[in-house]
Amino acid sequence: MGRHCLPIILPLLLLQLGVFLLPARAAEHFRVASYNLENYLLEPVGTRPAKTSEARAAIRATVRELHADILAVQEIGSAAALEELRGALRQEGIDYRYHELAWGHDTNIAVAILSRHPITARRSLTNASFLLLGRRHFLNRAFVEVDVRVRPDYSVTVIAAHLKSRRTAVEADESELREQEAILLRERVEGRLAANPKLNLVVLGDLNDTRDTRPIRTLLGRAGPLSLIDTRPSECATGGGAPSGEGRPIAWTHYYAKEDTYSRIDYLLISRGLYHEWVREGSCIPRLPGWGIASDHRPVVAEFSADDSGPGPAAPERR
């Protein structure tokens, strides 16, 4: 009888042993991206033209290359424009089921976050103001903030921003306005991290300044547990990983026609708690032909492991 039972018992024993012997399943990875769509308007507004069908198609082609689970977009012209984009992407197999759209003082363009995963909390800041040289100014574009549940046991907080442009402002110096907006954003970041230093936090968007300027230094913060880390994605040949073949990493994200300059003004910053989950080889700026048809910006994307134990080393003191 024992011989007859072996063919049945042995597979069951091996199956039970396999529970202990097989390696743990690799943590799920997710990708977060930011993309300024340059006036994604269905109808012209003031000096802003409507986005052409060719440009909208080029944007969708770029989004396809990002493979982003969470996508922050700037310069969305209306709720209808956002729905047009989401609907067109859905027809092409990219379904961002969840979204948050918010406006600041500028009613022509807004900031939005699109997500494949459920948004479990929304805390967008739309009506903030500050005093500069005795005059009150309002936040031009909202800080869009959401919590996203990537998996049942893992969430990430995302704050998307679009700081004051470099175009000359009548009411005050544009760099000073941008710095004040950065201070407001920094206060928001510090509030979140002071409450939970291990928070998985991404701060991203078009910050309209270079790394050495006061607004960016303000947002990064002083070295310590509340500081942010600049992931600084560099150019890659496609939407994934390996850098392009040039001798030095290429990281520009914006072409400014007025000055005929290329610079890095779009950022993807992370908390020290999220640094451990950062997958560097999955973070880049896709190098795509015809990028300028879509926008005057190029997107930035970073990849993370949805596991708080994380694949990465300890966070540096300052980056």
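For the reader, a short list of remarks on this structure follows.
- Two-site FRET efficiency, D106 against D153, from Cβ-Cβ distance with R₀ of 41 Å, rounded to 0.05: 0.60
- Restricting the trypsin sites (Lys or Arg not before Pro) of segment 160-211 to loop positions (DSSP other than H, G, I, E, B) with no more than 13 neighbouring Cβ atoms within 10 Å leaves R167, K198.
- Protection proxy ranking, peptides 57-63, 201-207, average beta carbon neighbours within 10 Å, highest first: 201-207, 57-63
- Overall form of segment 118-260 per C-alpha gyration tensor (a/c, 1.5; a/b vs b/c): oblate
- Between the alpha-carbon centres of segment 112-181 and segment 284-311 there is a gap of 20 Å.
- Remark: segment 26-305 is approximated by an ellipsoid whose semi-axes, taken from the C-alpha gyration tensor as √(5λ), come to 25, 24, 20 Å, largest first.
- Taking the Cα atoms of segment 122-191, the ratio Rg/Rh between the radius of gyration and the Kirkwood radius comes to 1.08.
Each reported figure results from applying straightforward, stated rules to the coordinates on display, with no laboratory input. Keep in mind it's a predicted model, so treat the numbers as computed, not measured. Every residue, glycine as well, gets a Cβ built from its backbone with ideal geometry; the counts of neighbours run over all protein chains shown.
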